[in-house]
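> Got a structure for you, written out below as structure tokens; questions coming shortly.
The values are calculated or read from the model by the stated rules, or taken from the named source; none is laboratory data. Since this is a predicted model, take the numbers as computed values, not measurements. Here the Cβ is made from the backbone with ideal geometry for all residues, glycine too, and neighbour counts use every protein chain on show. Calculation scope for accessible area: heavy atoms of the full protein, side chains included, ligands and nucleic acids excluded. Shrake-Rupley method; radii C 1.70, N 1.55, O 1.52, S 1.80 Å.
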Amino acid sequence: MRTFVILISAFLLFNVTSCATRVTTRPVATKVTIVKTPPRHYKIVKVRGKRYYFWNGKHYRKTNRGYIFVRV
């Protein structure tokens, strides 16, 4: 009986520990450019079915806060 208790406790001791580890990464802080109103000479372009606003050689996406620079 004593051997049985030792085997069970040894099994539980090794079974409780896990080999899995948790790896977390922090999101990279990005600098966001927000433009409240576009200039008069902007163009609306569609890229892969999505609407973007184009001026100054850059693409922008319209949001509630204004126009945000995006890489297409």
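> Each residue of segment 27-32 in turn: what ³J(HN,Hα) in whole Hz from Karplus with 6.51, -1.76, 1.60 and θ = phi - 60°, glycine and Pro shown as x?
x, 6, 6, 10, 8, 9
> Taking all protein chains together and a probe of 1.4 Å, list Phe4, Phe69 from the most accessible to the least accessible. All intermediate terms of the calculation are to be shown ahead of the outcome.
Values: Phe4 125, Phe69 75 Å².
Result, largest first: Phe4, Phe69.
> Show me the ranking of peptides 55-68, 30-43 by mean Cβ neighbours inside 10 Å, starting with the highest.
Numbers: 55-68: 13.1, 30-43: 9.9.
Listed from highest to lowest mean packing, they are 55-68, 30-43.
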